[in-house]
Amino acid sequence: MARSITTKRKTINTAFAWAVGLLIFFPILWTILTSFKTEADAIAFPPKFLFFDWTLENYAVVQERSDYMRFLWNSIIIAGGSTLLGIIIAIPAAWSMAFVPSRRTKDILMWMLSTKMLPAVGVLYPMYLIFIKLGWLDTRIGLVIVLMLINLPIIIWMLYTYFKEIPGEILEAARMDGASLKSEILYVLTPMAVPGIASTILLNVILAWNEAFWTLNLTAANAAPLTAFIASYSSPEGLFYAKLSAASTMAIAPILIMGWFSQKQLVRGLTFGAVK
Amino acid sequence: MATKASRTAARIMMAPAVILLLGWMLVPLIMTLWFSFRNYLPLRGGDLGFAGFDNYVRFVTSSAFWPAVMATMIIVVGTLVITVVLGVLLALLLDQPMWGQGIVRILVIAPFFVMPTVSGLVWKNMFLDSVNGLFAHIARFIGATPVEWMIEAPFFSIILIVSWQWLPFATLILLTAIQSLDSEQLEAAEIDGAPKIKRFWYIIVPHLGRAITVVILIQTIFLLSIFAEIYVTTAGAFGSKTLTYLIFQRVLESQNVGLGSAGGVYAIILANIVAIFLMRIVGKNLDS
């Protein structure tokens, strides 16, 4: 860029942008701060920002009273399991569409995308019935499969766009050298595809972790992940701000950190390559 | 060149994904269609036979239908307007040179990663509550009467929460689009003496047009089916019952599966109308 920016202008930009950024981030910051307060400090008027008696008590109480670890474990299994299963199914599919395209490849990709548009509530009862029939209601395996299915189109699309960026000449060269299909995938493609696969995994763990339709409707006590755990604070526990905050902070912290690493992939993953 | 052997291999490798998605799409969809034509009340006698189009007629003629359509429209349109307008402004701001750009970006994007049940409850209790919420504190500080936001202004509250969640998404996509803008074009306009407003209106806005369309379409699909934000805040009370929530209540709470399924079919049709436009844009991009 040839334009020179004055220091004054840059200072104004910086101040303004930081103010807006902090305003948007404030609810999260406030939640984190409140989680370290006593219940009395949490509702104090005027509100206390930094000068209060910092305590870890709420975290202990939340874990003790509601067995937070069990919900966390369910979230990890469901988000991790559905992503892993999805990746295993998606890699071969995306690979074949990217490197052995046929006339129908585009139609298949578009059709896969269209399954993502199905509103969940439209098939709520059938899923409920299927889950009862299969004995999947309130089980982790059931949710792993449903979340894998709803995110599979995104996984395939993301992998497809990443695989497309791998130059075909490299594959041809490997083939000329007599590489078999298996060694071509294993030793040539996979190493180049690792960054793409990693960011696909990252984004899908985030999406599955935060999914709050199926996890609320198809679980009760055993398989409930953190989304459902927090929903149990609807009332009247939600009025205990410090405990609500501690529970919320624990539920969002891991994904917030992962999310910051995946901001670039977010655009690619959620726009299906429509914005680059 | 793809050989015949690799074509066969490609088909086999695609099969699991295609079969799974086909099953996922067709099985529940056909069941919903089937139920929508039945008089099906699991707790009051089960399947009471063929109902024709009764469920479809009853769903749209029930007194809850039009308010639900209005509620859905208000929430979707309200959120779209706020996120797109603020998203463009925010993206322009973040594109400016500044210190600590990366950190500001992280702050702005953060709400998108907060799970819907958390953002719903944190906003409802810690900000919008009329006794101890921060908004009530501020109101008392300036001498106004605290408002019970969730009851007196449910749409404002829900739109606020949902916009907070989706503003990062809009901003991030629009920022990506702005950064792909050819800066020479802008410089040429600047040298030619085009004022700032005109440069914004005639160069940046048209360039952003497609990104804005994509934001609107994708958000519409997600916003039409917001659920958890309402589930943990108003639970559909105070006029905030959306179409999605109405169908949920018909199916799981009042266990009128036939009626709920007819509503589900309407929701699927509605989502597909939006989806067709989105798919067209995505499809065009795939060709280039």
- Message: If I ask for residues that are within 11 Å of chain B (Cβ to nearest Cβ) and more than 28 Å from B:ILE109 (Cα to Cα), which ones from the stretch A:44-58 would you list?
- Response: A:ALA44, A:PHE45, A:PRO46
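Scan the stretch A:128-141 and tell me whether some residue there is at the interface with chain B (Cβ under 9 Å from one of its Cβ atoms) and among the hydrophobic types (A, V, I, L, M, F, W, C).
Within the stretch A:128-141, the subset at the interface with chain B (Cβ under 9 Å from one of its Cβ atoms) is A:128-130.
This time we only want the ones that are among the hydrophobic types (A, V, I, L, M, F, W, C), so: A:129-130.
Within the stretch A:128-141, one or more residues are at the interface with chain B (Cβ under 9 Å from one of its Cβ atoms) and among the hydrophobic types (A, V, I, L, M, F, W, C).
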- Note on the structure: In the stretch B:235-258, residues that are open to solvent by less than 10 Å² (accessible area, probe 1.4 Å) and out of contact with any Leu (no Cβ under 9 Å at 6 or more places or on another chain) total 3
- Got a sec? Which helices (runs of 4 or more DSSP H) wholly within the stretch B:207-288 have at least 1 residues that are closer than 26 Å to B:LEU92 by Cβ? B:257-287
- Failed item, numbered, when A:ILE77 is tested on (1) hydrophobic (A, V, I, L, M, F, W, C); (2) more than 8 Å from chain B (Cβ to nearest Cβ); (3) under 15 Å from A:ILE154 (Cα atoms): (3)
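Yes or no, residue by residue, for (1) at pLDDT 90 or above; (2) surrounded by fewer than 19 Cβ atoms within 10 Å (Cβ to Cβ); (3) within 14 Å of chain A (Cβ to nearest Cβ); (4) in a loop (DSSP other than H, G, I, E, B):
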| residue | (1), (2), (3), (4) |
| --- | --- |
| B:PHE35 | no, no, yes, no |
| B:TYR40 | no, no, yes, no |
| B:ARG44 | no, yes, no, yes |
| B:LEU48 | no, yes, no, no |
| B:ASN55 | no, no, yes, no |
| B:ARG58 | no, yes, no, no |
| B:VAL76 | yes, no, yes, no |
| B:VAL81 | yes, yes, no, no |
- Over the stretch A:115-136, the set of residues surrounded by fewer than 17 Cβ atoms within 10 Å (Cβ to Cβ) and of a type outside the set (D, E, K, R) is A:LEU129, A:ILE132, A:LEU134, A:GLY135
- Just name the residue that is farthest from B:GLU187 (Cα to Cα) out of those in the stretch A:16-53 that are surrounded by fewer than 12 Cβ atoms within 10 Å (Cβ to Cβ) and at pLDDT 85 or above. A:LEU23
- Message: Quick check on this structure: which one of B:ALA235, B:ALA228 is more than 17 Å from the chain's Cα centre (by Cα) and aliphatic (A, V, I, L, M)?
- Response: B:ALA235
- Query: If only one of B:ALA188, B:ALA136, B:ALA144 is at pLDDT below 85 and not in a helix (DSSP H, G or I), which one is it?
  - Reply: B:ALA144
- From A:ASP53, A:ASP67, A:ASP41, which residue is in contact (Cβ under 8 Å) with a residue 24 or more places away in the chain and of a type in the set (D, E, K, R)? A:ASP41
- Task: Determine whether the stretch B:120-132 contains at least one residue that is aliphatic (A, V, I, L, M), within 7 Å of chain A (Cβ to nearest Cβ) and open to solvent by 30 Å² or more (accessible area, probe 1.4 Å).
- Result: no
- Identify the single condition in (1) open to solvent by 30 Å² or more (accessible area, probe 1.4 Å); (2) more than 8 Å from chain B (Cβ to nearest Cβ); (3) of a type in the set (D, E, K, R) that A:LYS106 does not satisfy, given that it satisfies every other one. (2)
- Item | Selection within the stretch A:47-60 - among the hydrophobic types (A, V, I, L, M, F, W, C) and touching a Lys or Arg at 6+ places or on another chain (Cβ under 6 Å) | A:PHE52
- Message: I'd like the full set of residues that are open to solvent by 80 Å² or more (accessible area, probe 1.4 Å), modelled with pLDDT of 80 or more and more than 9 Å from chain A (Cβ to nearest Cβ), limited to the stretch B:1-26.
- Response: B:ILE19
- Query: Any chance the stretch B:195-218 includes a residue that's open to solvent by less than 50 Å² (accessible area, probe 1.4 Å), in contact (Cβ under 8 Å) with a residue 40 or more places away in the chain and of a type in the set (D, E, K, R)?
  - Reply: no
- Which ones in the stretch A:146-192 are farther than 18 Å from A:THR115 by Cα, open to solvent by 10 Å² or more (accessible area, probe 1.4 Å) and either within 21 Å of the chain's Cα centre (by Cα) or within 11 Å of chain B (Cβ to nearest Cβ) (or both)? A:THR161, A:TYR162, A:LYS164, A:GLY168, A:GLU172, A:ARG175, A:SER180, A:LEU181, A:LYS182, A:ILE185
- Determine if the stretch A:224-239 includes at least one residue that is aliphatic (A, V, I, L, M) and open to solvent by 30 Å² or more (accessible area, probe 1.4 Å). yes
- Query: For residues in the stretch B:274-288 being open to solvent by 100 Å² or more (accessible area, probe 1.4 Å) and at pLDDT 80 or above, which is nearest to A:THR161 (Cα to Cα)?
  - Reply: B:ARG280
- Query: Could you say which residue among A:ALA220, A:ALA242 is among the small types (Gly, Ala, Ser) and either in contact with a Gly (Cβ under 8 Å, 6 or more places away or on another chain) or buried (at least 21 other Cβ atoms within 10 Å of the Cβ) (or both)?
  - Reply: A:ALA242
- Report whether or not B:PRO168 is closer than 30 Å to B:LEU252 by Cβ, at pLDDT 80 or above and open to solvent by less than 40 Å² (accessible area, probe 1.4 Å). no
- Query: If you check every pair at least six apart or on different chains, which have Cβ atoms under 7 Å apart with a residue in the stretch A:19-33 that is within 9 Å of chain B (Cβ to nearest Cβ) and of a type in the set (D, E, K, R) first and a residue that is buried (at least 20 other Cβ atoms within 10 Å of the Cβ) and in a helix (DSSP H, G or I) second?
  - Reply: none
- Message: Can you pull out every residue in the stretch B:136-165 that is open to solvent by 30 Å² or more (accessible area, probe 1.4 Å) and touching a Leu at 6+ places or on another chain (Cβ under 6 Å)?
- Response: B:TRP149
- Note on the structure: Within the stretch B:169-185, of all residues that are in a helix (DSSP H, G or I), at the interface with chain A (Cβ under 8 Å from one of its Cβ atoms) and not β-branched (Val, Ile, Thr), the one farthest from B:PRO111 (Cα to Cα) is B:SER183
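The values are calculated or read from the model by the stated rules, or taken from the named source; none is laboratory data. All of these numbers come straight from a predicted model, not from anything done at the bench. Glycine gets a Cβ as well: all are built from the backbone with ideal geometry, and neighbour counts include every protein chain shown. Keep in mind that these areas ignore ligands, DNA and RNA; they rest on the heavy atoms of the full protein, side chains included. Shrake-Rupley method; radii C 1.70, N 1.55, O 1.52, S 1.80 Å.
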